[in-house]
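Peer 1: The structure that follows is given in the form of structure tokens.
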């Protein structure tokens, strides 16, 4: 499993595939003050990005993957700051 919960932090680790989108959605809906830690994430499927954009949880730490760090994470952080 690439999603690990250490309440209130949800850690996304390694390659997070489409099958994990429902798990992420469930964890974020269960408690709205949870924070995402992407520091160990090296692949994030678009379905997970959509969950994150829809629910706009606080996102902390950068990704190890250069593509995510450059193109995806700035959009998630921007969405996070606009939601507040």
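Throughout, read-outs are computed from the coordinates displayed, never taken from laboratory work. Owing to the predicted nature of the structure, the values given are computational and were not obtained by experimental measurement. Every residue, glycine among them, receives a Cβ derived from its backbone with ideal geometry; neighbour counts consider all protein chains shown.
Peer 1: Would you look at the GNM of the chain, springs on alpha carbons closer than 10 Å, and say which of 40, 21, 66 moves the most?
Peer 2: 66
Peer 1: Before anything else, pin down the relative contact order of the chain: Cα pairs under 8 Å, at least 6 apart, normalised by residue count, whole percent. Don't skip to the answer; put the middle values down first.
Peer 2: Values: 137 pairs, mean separation 22.5, N = 84.
Dividing the mean separation by the residue count of the chain yields 27 percent.
Peer 1: Can you pull the one-decimal nm distance between simple spin-label points at residue 43 and residue 69, each 7 Å off the Cα toward Cβ?
Peer 2: 1.9
Peer 1: Now, a different point. Among the DSSP beta bridges whose two residues both lie in region 3-83, what percent are antiparallel, rounded to the nearest 5?
Peer 2: Values: 4 of 13 bridges.
For region 3-83, the DSSP antiparallel bridge percentage is about 30.
Peer 1: On a full-extension model of 0.36 nm per residue, what is the gain between residue 4 and residue 17, subtracting their alpha-carbon distance, rounded to one decimal in nm?
Peer 2: Value of the extension gain: 3.3 nm.
Peer 1: In whole Å, largest first, what are the principal axis extents of the Cα atoms in the chain?
Peer 2: 30, 30, 20
Peer 1: Taking just the C-alpha trace of region 1-47, give me its Rg and Dmax in Å.
Peer 2: So, for region 1-47, Rg and Dmax equal 9.8, 25 Å respectively.
Peer 1: Taking only Cα atoms and a 10 Å spring cutoff, compute GNM fluctuations for the chain and point out the largest among 55, 24, 44.
Peer 2: 55
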